[in-house]
Every structure is written in C-alpha cells, then in structure tokens.
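Quick one: this structure, given as structure tokens, is what I'll be asking you about.
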Amino acid sequence: MTYTSPWMNPELDGFRDAVRRFVAAEITPHQDAWRKQQHVDRALWRKAGELGILLADIPDAYGGSDGSFAHQSIVFEELAYAGDTAFGIHVHAIVAHYLLNQGTEEQKQKYLPKLASGEMVAAIAMSEPGAGSDLKGIRTTAIRDGDGYLLNGSKIFISNGYLADLILVVAKTEPQAGAKGVSLLLLETRDCAGFKVGRILEKLGQKGQDTCELFFDNVRVPLQNVLGGVEGRGFAQLMNELPYERTILGVSGVASIERALQLTVEHARERRAFGQALLDMQNTRFVLAEIKTEATVARTFVDRCIVDMVEDRMDTVLASMAKYWISDLQCSVVDRCLQLFGGYGYMLEYPIAQMYADARVQRIYGGANEIMKEIIARSL
C-alpha cells in the first residue's frame, strides 16, 4: 500500500521535485566539506533564495514565495531525506515568522525581503550559559539609553550564529519585571560595535551547522528594533511562535525516521549472515515491522499537524506532543536501525551513524522534551 499525505497535490509534487533537485545539486555534494569547516558556504543562501525556498510560506508582499506551511514542510523533509543538518534554513524560517506575526509593518518591509533572497541570514538568540529551556532565567539585558538600548550579556548554542546578519535577541529591557520585562530585539550584526561571535562549538552531531557563542558589550540597538515596537511583549511573542518551531522539528523528525527505515531495509536485503540475507531472519523482520508501524503512525500524526498549520489551527499542546514524541521516536528508531548494521553502523562513513549523532539534539533544542511533557500535562 502506498500512502500519500492528504495535504499533497500536483502543484506541491512539482515543488518537491524542484527542491529535491536543488538539494541533490547544491547541498549533498558539499556535506563533507561543510562538516569540516563547520558551516555552509554563504553562497548557498543566495542560491536557495533565487529558487524561492528560504521563505516558502511567507506572503509575496514581503518577498516570500506565497506558499503555505505545506511548501515549507517539503523543504524540511527533503533536507532530512538527504541527510542534511548543516543548512540552517529552519531557524531562518522561524525568525521570519516572528517578524511576520509579531513585527511592525516597517520591520516586515525592511527585513523579510532580505531574508527571502538570502541577502541576510537570520538567527534567534535565546539560550544562555545559565538559562536554556527556562527563558525566565535569562540575564542578557537591554537598558534604555537615549534613542536606543545598550545590549549586554552572552548567548550560547546559537544556530546560524557564525553567518547571521540579523539576530533576534531575547533580552530583559526591565530586569526586575520578570516575564513582563522580556523583549525581543532585532540586531543587525554587520559592522556592529561591541558585538562578537565566539568560536564555532564542537558538537556531537550536526557538525556542518554553525553553532556559536555570542557576546554583547554595550551594543547599541535602535528603539525601533524592538520586535513589534512595544517593550515587554517578548515572552508572549515567544509563546505564540514556539509551536511553529516545534512542529518543524516534528516534520523533520518523521522524514529522518522514514530515511532510516529505507536505508536499513536496503542494507538488510543486501547483507548476508549465516548463509542468508539479513532480511530473511525473524529478528530483523520483526524489528523492521515495528519500525514500519511506528513510522506510519508518526507520518499520519505529523500530516495532521501540517494540515493544522496550513489551516492556522495548530495549538501549543499538539505542537509539544509532536516535538517530544517524534524526537523520542527518531532517536529510538535510528538506534535500532544502527544495530542492524552491526559494526558498519558505528562507522561515520555510513549514513546511519551520522544520523545517530545528528538525532540526539532533537530531544533538547526547541524546548527540552521534559518541558514539552509539562506543557501537555497542564492541559489535562
């Protein structure tokens, strides 16, 4: 039985084909080089912008491709099917949605076209050395000073941090006001006095993705660069936009699960042990039968999430379910698949080994899975 996602149609089939060809030509051949240099080439952003895949679900009035979340999901899926974790388009798209949904008209007109073309690369700076999933614990401050703010502090684990031209910084504009004192600031990094990018961090996986520490020493940010134009709304803005990020993680996770299953079935057909194909052994068949079932359940669930996103009815609880359950399942599936590769599965030249290393962080970023369970529990 061949399953087709209910949100797919002929137009999206054509879009998927174009994205797949782009990934095969512009991303797959360079993955090893990007892992070694720890970031993609900046030219990739421009090329992706020319194809219209950077902001596929942003209105054309702001330079986007005027598609839906279904279009953006195809981009994320095709990157996962190709085994790519270097191209930080996910974070880029997340920042674009903060601008689209929370920004002023002036901010949208100024930044979204540049993000869509690849002229600017975006990052979001939330995590700090002492504050990860607990956003209320951030210490970075942005104190009013004349016609702007003085931004001081540091951030860590920032995806796209090395190449970013526009960073959405989570900071306290009123340090004593708790969550009500948090604001999101739009920081342009080019020739920015007091702004410093630290080293690209050595990670367990996703080595081609530039993940950095950022430092702010009396960095001046104009008043008009508060997202939405009003101080103190940052925490609410974060809560409104995090479901988009968490649904993306679910979409990418399911595609990775499907890829792991496909790679393992192909290996089990070809690999022989004790005089027979690995796939003919009952244990192998049972393990793959379990994974096939789990992959199908995950696919139907994430398809429901994609439809909800397209129809603008996705909620925080469902997005948290998708993020936690699919990322847990992704790690479990890849682990069981790797086992069937035997010693070869431990060799990084085999894609399944790279997938094992790349998958682990899915349960951490976007909000640790323990936080997702707390959000879900509050709905009971």
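Looking at residue 10, is it over 20 Å from the mean Cα position of the chain (by Cα) and over 30 Å from residue 105 (Cβ atoms)? Give the steps one after another, and end with the answer.
Numbers: over 20 Å from the mean Cα position of the chain (by Cα): yes; over 30 Å from residue 105 (Cβ atoms): yes.
When the stated conditions are applied, residue 10 passes them.
Filter region 237-270 for residues that are more than 27 Å from the chain's Cα centre (by Cα) and touching a residue at least 24 places away in the same chain (Cβ under 8 Å); which is least open to solvent (accessible area, probe 1.4 Å)? Give the derivation first.
First, the residues of region 237-270 that are more than 27 Å from the chain's Cα centre (by Cα): 265-270.
If we keep only those that are touching a residue at least 24 places away in the same chain (Cβ under 8 Å) too, we end up with 267-268.
Values: 267: 27, 268: 1 Å².
So the residue we want is 268.
A follow-up question, please. For region 1-113, list the helices (runs of 4 or more DSSP H) that sit wholly inside it and hold at least 3 residues that are among the aliphatic types (A, V, I, L, M) and over 26 Å from residue 229 (Cα atoms); which are they?
Details: elements: 10-26, 31-37, 42-51, 69-81, 89-102.
Counting at least 3 such residues, we get 10-26, 42-51, 69-81.
When the residues of region 136-155 are narrowed to those that are under 21 Å from residue 238 (Cβ atoms) and open to solvent by less than 20 Å² (accessible area, probe 1.4 Å), which ends up farthest from the chain's Cα centre (by Cα)?
The extreme case among them is 149.
Shifting gears a bit: Counting only residues that are polar (S, T, N, Q) and more than 20 Å from residue 375 (Cα to Cα), which one in region 312-336 is most open to solvent (accessible area, probe 1.4 Å)? Before the answer, list the steps.
So the first thing to find is which residues in region 312-336 are polar (S, T, N, Q), and the list is 316, 320, 327, 330, 332.
Retained after the next criterion (residues that are more than 20 Å from residue 375 (Cα to Cα)): 330, 332.
Values: 330: 13, 332: 46 Å².
Going through the qualifying residues, I end up with 332.
What are the pairs, 6+ residues apart or on separate chains, where a residue within region 1-16 that is within 10 Å of residue 73 (Cβ to Cβ) has its Cβ under 7 Å from a residue that is small (Gly, Ala, Ser)?
Between residues of region 1-16 that are within 10 Å of residue 73 (Cβ to Cβ) and residues that are small (Gly, Ala, Ser), the close pairs are 7/70; 12/70.
Tell me, yes or no, whether region 3-13 has at least one residue that is under 25 Å from residue 304 (Cα atoms) and in contact with a Phe, Trp or Tyr (Cβ under 7 Å, 6 or more places away or on another chain).
No, region 3-13 contains no residue that is under 25 Å from residue 304 (Cα atoms) and in contact with a Phe, Trp or Tyr (Cβ under 7 Å, 6 or more places away or on another chain).
May I ask you to verify whether residue 123 is assigned to a helix (DSSP H, G or I), at negative phi and of a type in the set (A, V, I, L, M, F, W, C)?
On the way: assigned to a helix (DSSP H, G or I): no; at negative phi: yes; of a type in the set (A, V, I, L, M, F, W, C): yes.
So residue 123 fails the test.
Also, quick follow-up: Output the residues belonging to region 346-363 that are open to solvent by 90 Å² or more (accessible area, probe 1.4 Å) and either under 26 Å from residue 250 (Cβ atoms) or hydroxyl-bearing (Ser, Thr, Tyr) (or both). Break it down stepwise before answering.
Here is the first cut: in region 346-363, the ones open to solvent by 90 Å² or more (accessible area, probe 1.4 Å) are 346, 348-349, 356, 360.
346, 356, 360 - these are the residues of region 346-363 that are open to solvent by 90 Å² or more (accessible area, probe 1.4 Å) and either under 26 Å from residue 250 (Cβ atoms) or hydroxyl-bearing (Ser, Thr, Tyr) (or both).
With respect to residue 340, determine if the residue is surrounded by 18 or more Cβ atoms within 10 Å (Cβ to Cβ) and either at pLDDT below 95 or at negative phi (or both).
Working: surrounded by 18 or more Cβ atoms within 10 Å (Cβ to Cβ): yes; either at pLDDT below 95 or at negative phi (or both): yes.
Yes; evaluated as a whole, the condition is true for this residue.
Can you tell me which residues in region 42-59 are open to solvent by 70 Å² or more (accessible area, probe 1.4 Å) and over 18 Å from residue 19 (Cβ atoms)?
Initial filter on region 42-59 (open to solvent by 70 Å² or more (accessible area, probe 1.4 Å)): 42, 46-47, 50-51.
Correct list: 42 only.
The values are calculated or read from the model by the stated rules, or taken from the named source; none is laboratory data. These figures come from a predicted structure and were not determined experimentally. Cβ coordinates were reconstructed from backbone atoms using ideal geometry, including for glycine residues, and neighbour counts include every protein chain displayed. When the accessible area is computed, the model is the full protein with side chains, heavy atoms only, and any ligands, DNA or RNA have been set aside. Shrake-Rupley method; radii C 1.70, N 1.55, O 1.52, S 1.80 Å.
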